[in-house]
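Contents: one structure, followed by commentary.
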Amino acid sequence: MNLEYGPKYERFRAEVRDFLARNGKRAPESAQRAARPTTDAVAWQNLLLEHGYTARTIPREYGGYGAEPDILEARIIAEEFARAGVPGGLSNQGVSMLVPTLLELGTEEQKRRWIEPTLRGEIVWCQGYSEPGAGSDLASLRTSAREENGHFVINGQKIWTSTARQADMIFCLVRTETEAPKHAGISYLIFSMDLPGIEVRPLKTMTGHAEFNETFFTDVRVPVDQIVGQRGQGWFVANATLGHERGMLGDPDALENRLLALIRLMQEEQIGSARAIDNPVLRDRLVALQAEVAAMKYNGMRLLSNQLKGESGGMAKLIVKLQSCELAHQISALAIDAMGEMGILYAESPREREGGVWQWNYMFQLGLIIGGGTAQIQKNIIAERGLNMPREPRLALDAAQSRKEVA
Amino acid sequence: MDFGLSPEQEMLRDTVGRCLAETCPLDHVRSCSETGSAVSDQVVAALHDIGLTGLLVPEVHGGLGMTLLDAAVVAEQLGRAVAPAPFLARSVLAPLALMLAGSAAQQAEWLPRIASGAVRFGVAIAGIVEERDGVRVRAEGGRLTGTALFALDFVGADYFIVGDVSGRLHLLAATSTGVERIALQTIDTTRSIGELRLTGAIAEPLADDGGLAARRLRDAGRVLLAADSLGAGEAMIEKAVAYAGEREQFGRVIGSFQAVKHMCAEMAARHEPCRALVWYAAHAFDTIPEEAALVACHAKSLTGEVHRFVARTATEVHGGMGFTDLLGLHFWFKRIGFDRQVLGGPERVRSDAAQLQGLTATT
């Protein structure tokens, strides 16, 4: 057990701290997740790109900083930005999912054309994966793309397309090979959201806001060269990015910051003449969550170490999405309980706390438990890949299908 | 940066694991239990042969000079094997007490004999966690009077380290005049625990350090009970998964039913982060003193909660068989129950954690 990063990395940490001390004030508030980056956010992003605090290992010819991949440097950047409470680089779906996919599987032309403007916040992407009939069973998706005169003609519907209203472009899974088995019939296309035949309808969720959309395609014509990977390889291409999404949802720094915010809230809320945190039942729940957050933090350090040694994270990695999302949800639940009757206030009500953010979080985090691979799918993965338990026997129809895939 | 066990610690883990696989199979645990013995001579001898008796004792005093993280690696294996072998008090807390609060002369007198196995210690510090049944131990003029509950590694102890009401530690011979030893029966037949009724028993005080050493013992004990729970919990998960992969109902193995699979996944998901937390807690005890007490609390309370869930869920996965004595699953169930309560159950420990952070009411 050695938790020292060593002098070389501590020098790097000092550089990051120095940068933050000098420039932190220029950071916009929560630039990271804004659908369409503001001018301030773009300026901040460009500053980070210039210093290599985002897109650090992406080659210079594609607009990155071109540093050698270094897990500890990446970790130090994340730690120091979190500690300073300063937003890091953009982490929208274009940056976190499309860019890694193109780097891995895109053509040289695609990399040169799309990566840099995406990193600079000039192009905003949305993800077209899920469909009303294809959620956990994503590979059963039915949005079709038939080839006609050098174009794919796309028809169908996507759902959960967050940022579709603001997006310039979409990366989208479509069925190109209607005769092929389900996993082998999918292609990964990238195209403009301004094309004729695309309609975006906001999808209002339980929070009262439309954080997502439904996107409809009617005879949308996309040039055939706007495919990533080969025809029929889309499932493989998409899985390269799903890994990135799951990584994104389990950030121990984020959990720790939520917990600190909860402690502050419980110290500030007055119930009669005492603070919420003086209630022993609430305090017990708080400390129980604190222990869980600590465990996830050290689990993250263990994973970091595995990564440094080139080992797979194994079970410690498989459980991150399930546990982190659940924990985030429980932190919000306790915040609501600590506020008592005040906890119900929402939507700019008089007396509401922190803009009703805890209720919004409580609901939205339930969405995160469901999205990006539901808790139940996560448990299947943990059981089947982590514990080597047998798969559910398939229905006869499904089994026939998979025999076809093998053949 | 390397978060995890060193190659030497992995070797220690494997050595202890192999030793216990050979000397402490379930049949042996069962026969010890049936004869009412919480101490297996064959397991104690085997552990002694690989040097574990003096694990923590500094090398100058004839021990291995190892750390609490090393001890946690061992404790995990003992929990995994539900080993009826004294370890926590005898090989960890007693030498620690002497190292923390013993004079040079006391260390020179006792530590080599602990390492060689010539003397066997129990430790009674439950009173510094909570006073129960109104009993306590007072020290006056080199004599102890009162009752010390939940003395660990009770059976076979020649000496005890006893915490008094002020938190000061004392070294007491088990056979001194004025010492009455009363064994307590617990759910866990693989560990022995008892009470000491003291009436003016002569004892040798360790340093008057305002209870510092006693609190360090409490923290170390919490970490090692968490590590024991980790091993026992892991064994239960493995057993549940194995059983679910063999047992057939409705023409298929029950592990292929999502209802059963998800129980196993939930156990694994809650159990896995405990490992990193226990490692960190042990490491903090060794090298980050300002964090040690708090993270020991976290490790103790979280494993207490998680492994209670694991113990009942793994039992349920085994269906009716899990409830029988036949499979012996209950040895792990009870071991986990013991680990949860001793040196403070989760609520007690979380209350300590809140206090350590200044989260409790200031008025």
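Read the figures in this text as sums done on the coordinates, not as results from a lab. Computed from a predicted model, the values in this text were never measured in an experiment. Here Cβ is always computed from backbone atoms with ideal geometry, including for glycine, and neighbour counts include all displayed protein chains.
So between residue A:11 and residue A:281, what do we pick up on full extension, going 0.36 nm a residue minus the alpha carbon distance?
That works out to 92.8 nm of additional length.
Compare the peptides B:339-345, A:110-116, A:22-28, B:44-50 by average per-residue count of other Cβ atoms within 10 angstrom and give them in order, highest first.
B:339-345, A:110-116, B:44-50, A:22-28
Calculated from DSSP H runs of 4 or more alone, at -39500 (n - 2.57) each and per residue, what is the 222 nm mean residue ellipticity of chain B, nearest 500?
-17500 deg cm²/dmol
How far, in degrees from 0 to 90, does helix B:7-23 lean away from the longest principal axis of the Cα atoms of chain B, to the nearest 10?
Compared with the principal axis, the helix lies near 80 degrees.
Jot down the radius of gyration and Dmax of the stretch A:311-363, Cα atoms only, both in angstrom.
So, for the stretch A:311-363, Rg and Dmax equal 15.3, 53 Å respectively.
With a 10 Å radius around each residue's Cβ, average the other Cβ atoms per peptide and rank B:277-288, A:278-289, highest first.
B:277-288, A:278-289
Note the per residue figure in Å³ for the convex hull of the C-alpha positions in the protein assembly as shown.
Taking only Cα atoms, the protein assembly as shown has a hull volume of 184 Å³ per residue.
Out of every Cα-Cα pair in the stretch A:162-239, what percent are more than 19 Å apart?
45 percent
Based on the Cα atoms of the stretch B:247-363, what semi-axes does the equivalent ellipsoid have, where each is the square root of 5 times one gyration tensor eigenvalue, given in whole Å with the largest first?
So the equivalent ellipsoid measures 35, 15, 13 Å along its semi-axes.
Any idea how far apart residue B:248 and residue A:341 come out in nm if each label point goes 7 Å out from Cα toward Cβ?
Going from the residue B:248 label point to the residue A:341 one covers 6.3 nm.
Relative to the longest principal Cα axis of chain A, at what angle does helix A:234-248 sit, 0 to 90 degrees, rounded to 10?
0 degrees
If you count, for every residue in A:376-388, the Cβ atoms of partner chains within 10 Å of its Cβ, what is the mean?
Taking all residues of A:376-388 together, the mean is 5.
Quick check: residue separation of residue A:40 and residue A:354 times 0.36 nm, minus the Cα distance between them. What number comes out in nm?
110.7 nm
What spacing in nm lies between the two simple spin-label points modelled at residue B:130 and residue B:10, each 7 Å away from Cα in the Cβ direction?
For the pair residue B:130/residue B:10, the computed spacing is 4.1 nm.
Check each of the GluC sites (Glu not before Pro) in the stretch B:128-231 and keep only those in coil by DSSP with at most 15 other C-beta atoms within 10 angstrom; list them in order.
B:130, B:131
Counting only other chains, and only Cβ atoms inside 10 Å, what mean value do you get across the residues of B:276-284?
Mean number of neighbouring Cβ atoms from other chains: 5.
Full-extension gain between residue A:139 and residue A:50, please, as 0.36 nm times their residue separation minus the C-alpha to C-alpha distance.
Length gained between residue A:139 and residue A:50: 28.1 nm.
Measure nothing fancy, just the Cα-based angle from helix A:280-308's long axis to the longest principal axis of chain A, in degrees from 0 to 90, nearest 10.
Compared with the principal axis, the helix lies near 50 degrees.
If you average 1/r over all unlike Cα pairs in chain B and invert the result, what Kirkwood radius do you get in angstrom? Let's see the in-between values first.
On the way: mean 1/r = 0.0481 Å⁻¹.
Computed over Cα pairs of chain B, the Kirkwood hydrodynamic radius comes out at 20.8 Å.
Within a 10 angstrom radius of each residue's Cβ in B:3-13, how many Cβ atoms of other chains show up on average? Whole number is fine. Display every interim value, and only then the final one.
Numbers: counts 13, 8, 1, 2, 0, 0, 1, 0, 0, 0, 0.
Averaged over the peptide's residues, the number is 2.
At 7 Å along Cα-to-Cβ for each site, give me the label-to-label distance between residue A:199 and residue A:239 in nm.
For the pair residue A:199/residue A:239, the computed spacing is 3.6 nm.
Taking 35 Å as R0, compute the FRET efficiency from the Cβ-Cβ separation of residue B:180 and residue B:30 and round it to 0.05.
Numbers: r = 31 Å, r/R0 = 0.89.
About 0.65, to the nearest 0.05.
For chain A, modelled as a Gaussian network with Cα springs under 10 Å, which listed residue fluctuates most, A:349, A:91, A:273?
Evaluated over chain A, the most mobile residue of the options is A:273.
For n ≥ 4 DSSP H runs only, could you compute -39500 (n - 2.57) per run for chain A, divide by its residues and tell me the 222 nm figure to the nearest 500?
Value at 222 nm, helices only, nearest 500: -13500 deg cm²/dmol.
Going by average Cβ neighbours within 10 Å, how do the peptides A:298-304, A:202-208 rank, with the highest at the top? Walk me through the numbers before you get to the answer.
On the way: A:298-304: 23.4, A:202-208: 13.7.
The most tightly packed comes first, giving A:298-304, A:202-208.
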